[in-house]
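First the structure, in the form of structure tokens, and then the observations on it.
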Amino acid sequence: MALVGKTAVVTGAAMGIGRALAEILLENGAKVALLDINEAAAERPLQALEQHFGAEKTIFLKCDVESEEQIRAAFKKTVEIFGGIDILCNNAGVLNETSWEKTISINLMGVIRGTYVALEQMNQLSGGRGGVIINMASMAGIGPLLSCPSYTASKFGVVGFTRAMAAASEASGYGIRFNAVCPGFVQTDLITNIPVRLGQFSNLAAATHKLVDVMGTIAVSDVAAAALELLIDDTKNGEALLVLQSGATYMQFPTFNPTQNKPL
Ligand SMILES: NC(=O)C1=CN([C@@H]2O[C@H](COP(=O)(O)OP(=O)(O)OC[C@H]3O[C@@H](n4cnc5c(N)ncnc54)[C@H](O)[C@@H]3O)[C@@H](O)[C@H]2O)C=CC1
Ligand SMILES: CC/C=C\C[C@H](O)/C=C/C=C\C=C\C=C\C(=O)[C@@H](O)C/C=C\CCC(=O)O
């Protein structure tokens, strides 16, 4: 899908990966609604994006992805201003093993909430224009990160939800592609203060720091470039794209023969 003239919504867009997603979408000709719970953090990046791409191309909407009401209001405003929604990047996420219910509510339920509300606007079966939904998972959605079981569960959930929605969309004719991005460690605020974020698993902080050292970190622009590939390539649906220092790799998952219930 060419992005010129399209409208995108990015959650958690005030900083980090979300901000980079907004930037690459604008660079490729889309209009972008930046949604975030943190209005103050969005102020400067928004000014910079407005200066660079034009004030008419961006809008900031305060929105907590834990609230279906706020998501619906933000999407409605986006449609009023930009005329529709073609792309949703469910990106907002936290790492907090102490408030693990919140981690699940934002990282997994936030993706599901955002998707279901977006379907109201995007689903071709209900008058929408179709499009693409990108969900920000993690390498911890492919293999377990020992120091963050709840975070890992949230990201496994995001990968599973994305793949199931992709199949549902194809079978039903929503006209929407669904893909997940699974980055390794990325240079953002989320990988600071790791011991505090790990809560009862803070004894595993050293092992996690060691993994960061071994794997290295990637830049937010690497993640945005991977997301762009999934957005523009119309053949991609139900993919989980692992993004590491060594490059991006499409994950292979086992397939099952439903009649024999064993791996093909
Ligand atoms: N930094 C990393 O190493 C990796 C991050 N990810 C994922 O990428 C996504 C973005 O993370 P980063 O940019 O690294 O984090 P970040 O902490 O730099 O940015 C997260 C953004 O989400 C916003 N946010 C948090 N809770 C929210 C809520 N309830 N509603 C709306 N916005 C909310 C924050 O205000 C912030 O602007 C997350 O889903 C994260 O799990 C995935 C793999 C690696
Ligand atoms: C503290 C957590 C910070 C950020 C979370 C973020 O989403 C990044 C996750 C990055 C890595 C995920 C690792 C997943 C590990 C696994 O799959 C393990 O089962 C395998 C462990 C190591 C493989 C790497 C290696 O040593 O070659």
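Can you flag which of LYS6/LYS76; LYS76/LYS236; LYS6/LYS236; LYS102/LYS210; LYS57/LYS77; LYS102/LYS155 are past 20 Å Cα-Cα?
Where the Cα-Cα span goes over 20 Å, the pairs concerned are LYS76/LYS236; LYS102/LYS210.
Amide H of LYS31: which non-local residues (sequence gap of 5 or more, or other chain) have their own amide H closer than 5 Å, using H built in the peptide plane?
GLY5, LYS6, THR7, ALA8
First compute the accessible area of the chain with a 1.4 Å probe, then give the percent of it belonging to carbon and sulfur atoms.
55
Once the whole set of protein chains is in place, how much accessible area is left on ARG72, using a 1.4 Å probe, in Å² to the nearest 10?
90
For region 174-264, what class follows from the C-alpha gyration tensor (a ≥ b ≥ c being the square roots of its eigenvalues): rounded when a/c is under 1.5, otherwise prolate if a/b is larger than b/c, else oblate?
oblate
Which three extents, in whole angstrom, do the alpha-carbon atoms of the chain cover along their principal axes, largest first?
Over the chain, Cα extents along the principal axes are 53, 49, 35 Å.
What's the magnitude of the charge dipole for the chain around its Cα centre, counting Lys and Arg as +1 and Asp and Glu as -1 at the beta-carbon? Answer in Debye, nearest 20. Numbers along the way, then the final one.
Details: 19 positive and 24 negative charges, 79 e Å.
In debye, rounded to 20, the chain gives about 380.
From the helices alone, meaning DSSP H stretches of at least four residues, give me the mean residue ellipticity at 222 nm for the chain, per-run term -39500 (n - 2.57), in deg cm²/dmol to the nearest 500.
Values: 9 runs with 113 residues, N = 264.
Only helices count here, giving -13500 deg cm²/dmol.
With the other protein chains left in place, how much accessible area per residue, in square angstrom, belongs to region 58-188 at a 1.4 angstrom probe? Intermediate values should be presented prior to the final figure.
Numbers: 4890 Å² over 131 residues.
Value for region 58-188: 37 Å² per residue.
The values are calculated or read from the model by the stated rules, or taken from the named source; none is laboratory data. What you see is a predicted model, and the numbers here were worked out from it, not measured in a lab. Here the Cβ is made from the backbone with ideal geometry for all residues, glycine too, and neighbour counts use every protein chain on show. SASA here: full protein model, heavy atoms, side chains in, ligands and nucleic acids out. Shrake-Rupley method; radii C 1.70, N 1.55, O 1.52, S 1.80 Å.
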